[in-house]
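Here the structure comes first, spelled out in structure tokens, and everything after it is commentary.
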Amino acid sequence: MSIAPQTLAAASWLHQPRLRAIFTAIGREGDEIRVVGGAVRNALLGAAIADIDLATTATPDVVSARAEAAGFRVVPTGIDHGTVTLVVDGRGYEVTTLREDIETDGRRAVVRFGRDWTADAERRDFTVNALSVDGDGTVHDPLGGYGDILARRIRFIGDADRRIAEDRLRILRFFRFHAEYAEGAPDAAGLAASIRARNGLRDLSAERVGQEMRRIALARRAAETVVDMQDSGILPVVLGGIGYVAGIRRLQAFEAARHLTPNVALRLAAIACRIEEDAVRLFERLRLSNAESGRMVKAIAGAGFFAGDIGERVARRALYTIGVETYRDAAALAFAWSDGSADDPAWAGLATLPDRWTAPVFPLGGRDVLGDTAARGAAVGTLLRAIEAWWIENDFVPDETTLRARLQQAAAAAQ
């Protein structure tokens, strides 16, 4: 027996003036408009709502004409598939005409417009994304998605193999929604269908795969979901190599113990990297940004400072050498690779060092060398690096006077 969804009539977001203006402008002359997809799902889950998307029986040209008459700016963002974006007081809302798939090839679909809300719901991916809510707060659930929301279960609509054949990215979306919203094990039918179709992921663009993997890596249940992806043989297809499921589990524990905000580059590094070459491969496989790839490479290299049983003296040297951000990343990644405990006082001390100690600035420069010697060019840098290395080796204790004296001795010996 299906469970009737609760009403959203009292939901404050449903009464935003901009959204009400869209309902009024589009939902007339026999046409209906509803909020669909993620906003409805999240409202029923009690989760935060980001974008608000709408569907309507009105065709795109009618939507555009009515929106312009109401004073909205109209952007034809996906007009071939019936989607226009209405910009109301600076905020964009995607409005899509009800559709039915005519033909699919696993990457894209040919659609025609319709007026059947159930048929439109049936072409979506998961039951939890097939609910809609009209202007008075009535929730429409033609496919039993509310029961899956209550059960915290991600289930394909209809035949899972067919849904995946329509768009193979749905394999990763299955795991991503599971990681973000579900509890327990993945739906058995969805998991089996994903395994059968996993090699089709090779035909998808790296950009689309990368977008989903970023969201999986940052999800609430990232570690458990990565284990499921590894066990099902899907993670190696995505990464082009093995995944390190223990690493992401330990990194999440470290973040939780330290109350750290997850970073996607670091999470992906924990999942897929051990050496810098791994980061280069991941850059290509997932079309990472230069900033993401660079952060991964720095963290991997910096983690080498934490090899073995190090004390704060070595940690201070690392912090001085690689800077605060890379130090924090490197410490977290090194822990993910270790067998330590997240509440170990030693690891806690290493992690909190930047909060307790500020790396000093080396007080000497090129003018100090030139003022004391006739050294020029490369010799200046060589002298300064030698003095700085001695200063670091002595745990930054020698003051400027002592450093100058050391410099004079080194310069005299070099002449």
Inset, instruction - Whole number in Å², please: accessible area per residue of the chain, 1.4 Å probe, ligands, DNA and RNA not counted. - result: 46
Legend entry - Sum of side-chain charges, Arg258 neighbourhood, beta-carbon under 13 Å (Lys, Arg +1; Asp, Glu -1): -3
Inset, instruction - Would you check the accessible area of Glu393, probe 1.4 Å, heavy atoms only, in square angstrom rounded to 10? - result: 100
Inset, instruction - Just reorder His81, His140, His259 by solvent-accessible area, largest first, 1.4 Å probe, all chains present. - result: His259, His81, His140
Inset, instruction - Determine Rg/Rh for region 119-180; Rg is computed over alpha-carbon atoms and Rh is the Kirkwood hydrodynamic estimate from the same atoms. - result: 0.99
Legend entry - By accessible area with a 1.4 Å probe, ligands and nucleic acids excluded, highest first: order of Thr127, Thr321: Thr321, Thr127
Inset, instruction - First select every other residue whose beta carbon is under 14 angstrom from the beta carbon of Ile154; then total the charges, Lys and Arg +1, Asp and Glu -1. - result: +4
Legend entry - Hull-based mean projected area of region 177-243, where the convex hull spans the alpha carbons, in square nanometres: 4.2
Inset, instruction - State the percentage of accessible surface on the chain attributable to carbon and sulfur atoms; use a 1.4 Å probe and exclude ligands, DNA and RNA. - result: 51
Inset, instruction - Take the alpha-carbon centre of region 1-35, take the same for region 165-216, and report the distance between them in whole Å. - result: 30
Inset, instruction - Assign one of three labels to region 61-203, namely rounded, prolate or oblate, based on the Cα gyration tensor with a ≥ b ≥ c the square roots of its eigenvalues; rounded applies when a/c is under 1.5, prolate when it is not and a/b is larger than b/c, and oblate otherwise. - result: prolate
Legend entry - 10 °C / 1.306 mPa s Stokes-Einstein diffusion coefficient of the chain, Kirkwood radius on C-alpha pairs, µm²/s: 63
Legend entry - Per-residue SASA entry for Val314, accessible area with 1.4 Å probe, Å² rounded to 10: 50
Legend entry - For the chain, calculated [θ]222 nm from helices alone, where every DSSP H run of n ≥ 4 adds -39500 (n - 2.57): -16000 deg cm²/dmol
Inset, instruction - Could you list the square roots of 5 times each eigenvalue of the Cα gyration tensor of region 175-316, that is, the equivalent ellipsoid semi-axes, sorted largest first and rounded to whole Å? - result: 27, 18, 12
Legend entry - Stretchable slack from Asp31 to Ala165, in nm (0.36 nm times residue separation minus alpha-carbon distance): 45.0 nm
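The values are calculated or read from the model by the stated rules, or taken from the named source; none is laboratory data. Everything quoted here is computed from the prediction, not taken from an experiment. Using ideal geometry, Cβ is built from the backbone for each residue, glycine included, and neighbour counts are taken over all protein chains shown. What goes into the accessible areas is simple: the full protein's heavy atoms, side chains included, and nothing from ligands, DNA or RNA. Shrake-Rupley method; radii C 1.70, N 1.55, O 1.52, S 1.80 Å.
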